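Comments concern the structure below.
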Amino acid sequence: MQTNMPDIADTAPALQTGKLDWVGMGEIELPFIFESRDLSPVTVNAKARAFVNLHKEDAKGIHMSRLFLALDLLSTEQQVNPQTISQALNTFISSHEGLSNKAQIEFKFELPLRRKSLLSGKAGWKSYPITLTSTIENNIISYELTVDVTYSSTCPCSAALARQLIQNAFSAKFNQDTLNQKEVLEWLGTTQGIVATPHSQRSIANVKVKLNSNINEFDVVNLINTLEGELKTPVQAAVKREDEQEFARLNGQNLMFCEDAARKIKTILETDGYADYWLQINHYESLHAHDAVAVAVKGINGGYKA
């Protein structure tokens, strides 16, 4: 093997000078072991993006293989946590001395979690889309965590209209002064009694939070649990009839426009004290061919924009 091979990135002149904000690689296949509080280390299959800036204006390019090898070390010999990500980012910078002073790593993966049923005691797997972005600049590391939570939303307007139809049907059926309880109960258990039901739809909350730079561990499970607990109607894994009935009850007791869901999530994120957050609520309408969407941010100077 030749030992004296040309390195064009180091020796060739740039066709045109100028600084570049980010240079690197995207869609890198990268399985790794992910660590988070209240979660046993779990192997996930991620797609990674790895970047450094190029602040040396006349440099031909960066050394992409050095980024790849640092990620490969993270994948094969380490577990992904704040400490190992910090090491990888610092390796990006040190391996590009004189070329770069910023670095970024982004992981996109699905996190499988065991989720219990509402009443029956059964359990099943649910996968949560996660994006973890880590950036180093001026020796300060920032972590950004994005999670998607899927839930059911039942329309308050549709529920009110359905109740009106049920009231009308009740008045038409029972117009006497004295009602027979057995007859009413039997009628309520028929399609003639419940003549209309409100529409509901699968919905997704996209939530992005900025984490403290000095964290020792990620806490993804707590964020997911907090969001699902506030929304009340997350989609289920294992479901028996008693679970389905309880899910119907929860939907009926937690009617939501997209505005309601957005305000619920905004309030809980404020309460949890995140440095910054961005959220988008998506209700994939069953009535309309379009979606209902609400967006909110914390609203700090230099923070996330709506």
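Within region 180-202, the set of residues being assigned to a helix (DSSP H, G or I) and among the basic types (Lys, Arg) comprises just one member, Lys182. Ala292 falls short on exactly one of the conditions (1) at pLDDT below 95; (2) in contact with a helix residue (DSSP H, G or I) (Cβ under 7 Å, 6 or more places away or on another chain); (3) aliphatic (A, V, I, L, M), and that condition is (1).
Restricting region 271-297 to residues that are part of a loop (DSSP other than H, G, I, E, B) and among the acidic types (Asp, Glu) leaves a set whose member that is surrounded by the fewest Cβ atoms within 10 Å (Cβ to Cβ) is Asp291.
Residue-wise test of (1) among the hydroxyl-bearing types (Ser, Thr, Tyr); (2) open to solvent by 20 Å² or more (accessible area, probe 1.4 Å); (3) assigned to a helix (DSSP H, G or I); (4) modelled with pLDDT of 95 or more.
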position	(1), (2), (3), (4)
Ile204	no, yes, no, yes
Val209	no, no, no, yes
Glu230	no, yes, yes, yes
Asp243	no, no, yes, yes
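None of Thr154, Thr91 is among the hydroxyl-bearing types (Ser, Thr, Tyr) and under 25 Å from the mean Cα position of the chain (by Cα) except Thr154. Among the residues making up region 100-111, a single one is more than 29 Å from the chain's Cα centre (by Cα) and surrounded by fewer than 20 Cβ atoms within 10 Å (Cβ to Cβ): Asn101. Looking only at region 25-52, filter to residues that are in contact with a Phe, Trp or Tyr (Cβ under 6 Å, 6 or more places away or on another chain) and over 25 Å from Ile224 (Cβ atoms); which one of those is surrounded by the most Cβ atoms within 10 Å (Cβ to Cβ)? In this case the residue turns out to be Val52.
Scanning region 147-162 for residues that are open to solvent by 30 Å² or more (accessible area, probe 1.4 Å) and farther than 30 Å from Ala196 by Cβ yields a count of 1. Go through the residues of region 249-270 one by one and say whether even a single one is part of a strand (DSSP E or B), buried (at least 17 other Cβ atoms within 10 Å of the Cβ) and touching a Phe, Trp or Tyr at 6+ places or on another chain (Cβ under 9 Å). Within region 249-270, not a single residue is part of a strand (DSSP E or B), buried (at least 17 other Cβ atoms within 10 Å of the Cβ) and touching a Phe, Trp or Tyr at 6+ places or on another chain (Cβ under 9 Å). Cβ-Cβ contacts under 6 Å between residues 6 or more apart (or on different chains), taken from a first residue in region 177-202 that is touching a residue at least 40 places away in the same chain (Cβ under 8 Å) to a second residue that is in a loop (DSSP other than H, G, I, E, B) and not β-branched (Val, Ile, Thr), are listed as Pro198/Cys155; His199/Cys155; His199/Ser286; His199/Leu287; Gln201/Tyr284; Gln201/Glu285; Gln201/Ser286; Arg202/Tyr284. Within region 213-224, the set of residues being more than 12 Å from the chain's Cα centre (by Cα) and either at positive phi or in a helix (DSSP H, G or I) (or both) comprises Asn222 only. Within the set Val207, Val235, the sole residue that is under 30 Å from Ser86 (Cβ atoms), of a type in the set (Val, Ile, Thr) and touching a strand residue (DSSP E or B) at 6+ places or on another chain (Cβ under 7 Å) turns out to be Val207. Checked against (1) of a type in the set (D, E, K, R); (2) within 30 Å of Gly18 (Cβ to Cβ); (3) at pLDDT 95 or above, Asp72 passes all but condition (2). All told, Gln176 falls short of being under 43 Å from the mean Cα position of the chain (by Cα) and open to solvent by 70 Å² or more (accessible area, probe 1.4 Å).
The values are calculated or read from the model by the stated rules, or taken from the named source; none is laboratory data. As the structure is a prediction and not an experimental result, all values here were calculated from the model. Glycine gets a Cβ as well: all are built from the backbone with ideal geometry, and neighbour counts include every protein chain shown. For the accessible areas, the whole protein counts, side chains as well, though only heavy atoms, and no ligand, DNA or RNA atoms are used. Shrake-Rupley method; radii C 1.70, N 1.55, O 1.52, S 1.80 Å.
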